[in-house]
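Read the structure below first, then the notes.
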Amino acid sequence: MGGDSDHEKPFRWQPRYSKICAVGGLFALMLLFQFWDIVRATIRGNPFTSKRGITWAAIKGWPALAYYSAYECPWWRPDRRGCLDVWNNTDVEGACAARADCNAACVFCRWGREDSASPCPDSVLGPSPEVRAACPARVPPANLPGRSAADASGCLSSMGLRPHPSQQLRGEILDVICQELRRAKARNAGATQSVDDVGANLLVFSLGHDSPMWLALNHAGLTRFVETSKEWVAMQQPNIQAVTLLAEYGHHYGEAYGIRCDPDRLGHFLRTMPPTLRRTCWDVILVDAPNGWAPGRMGAIYTAAQLAGPHTVVFVEDCERMVEGNYALWHLRKGRELRAISNGHGGITCMIYPAGE
């Protein structure tokens, strides 16, 4: 595991989890009453009411919401409580070794263990053949900026940028991503160009209040956004819309384990990307979408793994959650190191970078 000296103590029973648990309990009760009505209608011999109740339960998505909220709720998840306790410990690696339940649940405990190898065959793991051919490894320049917490501190403000008041990602993680873009620009500039005149290749799986910030941060480079919601695209400024790809993943959260090594199911969006973007040597990829419970981030993480070249740094948001954490472990672990960083709103962003850099 790389860079645990930079970790903070971001949460212990944050309001985010209280809300998740409350919503999960509410939808579970609503689902219970819905199915009681179905059973009662069936007993009374009213098949129309029974079928209508089943249809409404499915349309409203109560089962998925109840399951997702309960699955993510640490109050009845001892392994999740262990995970949070470890993250609150200053000696993350020592605490991981002492907590068997955390070892089973937390990606940042399992990353460096040999028994955590991906269940998927090498033919499924990235990068894709197109990226292997287009993006060979290069010797980094001698003046490459560092990636420690001290190196990254104040990076965003030094660029004259501030986060939007309504965006979720906040704090150290923004400076860390900013610093990785700075490192990428230095690598791309080489010895003959000024870093200020060179951009990076940035791919962001998300569209929101922070999109103008990312575009401004990489103003001289190539930036693309990936979004599933047409409504969110319509809300953006024209310059953001012009660099946004509308995505469909063709899966849902409940399939996460079953399709973990299935490139046909996971690669739906990848196959629809423009060929030039599939061959682009991305410097930084941020996976912060789509929604965790519908459709889930399995396809987005798989796509990031397929597009990640020898120098690509991938950030997986909410990686303390089971799907995000395990998919990062299964598809991005090989040849890479992990650093866990507070995301500024009660969770963790996993920074996954090439080993030895």
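Computed quantities for the displayed model
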item	result
Using θ = phi - 60° and Karplus 6.51 cos²θ - 1.76 cosθ + 1.60, couplings along the range 137-153 (whole Hz; Gly, Pro as x)	5, 10, 6, x, x, 5, 8, 5, x, x, 10, 6, 4, 5, 5, 7, 4
At q = 0.19, 0.24 Å⁻¹, base-10 log of I(q)/I(0) for the range 257-357 (Debye sum, equal scatterers on each alpha carbon)	-0.93, -1.41
For Asn343, residues with placed amide H under 5 Å, excluding near neighbours	Ile348, Thr349
Interatomic Cα distance distribution for the range 298-357, bins of 10 angstrom, percent	25, 57, 18, 0
Set of the range 332-357 residues, backbone N closer than 20 Å to the point 7 Å along the Cα-Cβ line of Asn291	347
Under the Karplus curve 6.51 cos²θ - 1.76 cosθ + 1.60, θ = phi - 60°, whole-Hz ³J(HN,Hα) for the range 253-259, x wherever Gly or Pro sits	3, x, 8, 3, 6, x, 9
Average accessible area per residue (Å²) across the range 118-227 - probe 1.4 Å, nucleic acids and ligands excluded	45 Å²
Relative contact order [Cα under 8 Å, 6+ residues apart], the range 217-357, whole percent	18 percent
Net charge, Arg187 excluded, C-beta distance under 11 Å - Lys, Arg +1, Asp, Glu -1	+1
Of all accessible heavy-atom area on the range 137-285, the percent that carbon and sulfur account for (1.4 Å)	52 percent
Amide H within-cut-off set for Leu222, under 5 Å, with H built and near neighbours excluded	Ala200, Asn201, Leu202
Approximate spin-label separation Leu246-Ser166, in nm, with each point projected 7 Å along Cα-to-Cβ	2.2 nm
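The values are calculated or read from the model by the stated rules, or taken from the named source; none is laboratory data. The structure displayed is predicted, hence computed values, not measured ones. Note: ideal-geometry Cβ built from the backbone for every residue, glycine included; neighbour counts use all protein chains shown. With ligands, DNA and RNA removed, areas are computed over all heavy atoms of the protein, side chains included. Shrake-Rupley method; radii C 1.70, N 1.55, O 1.52, S 1.80 Å.
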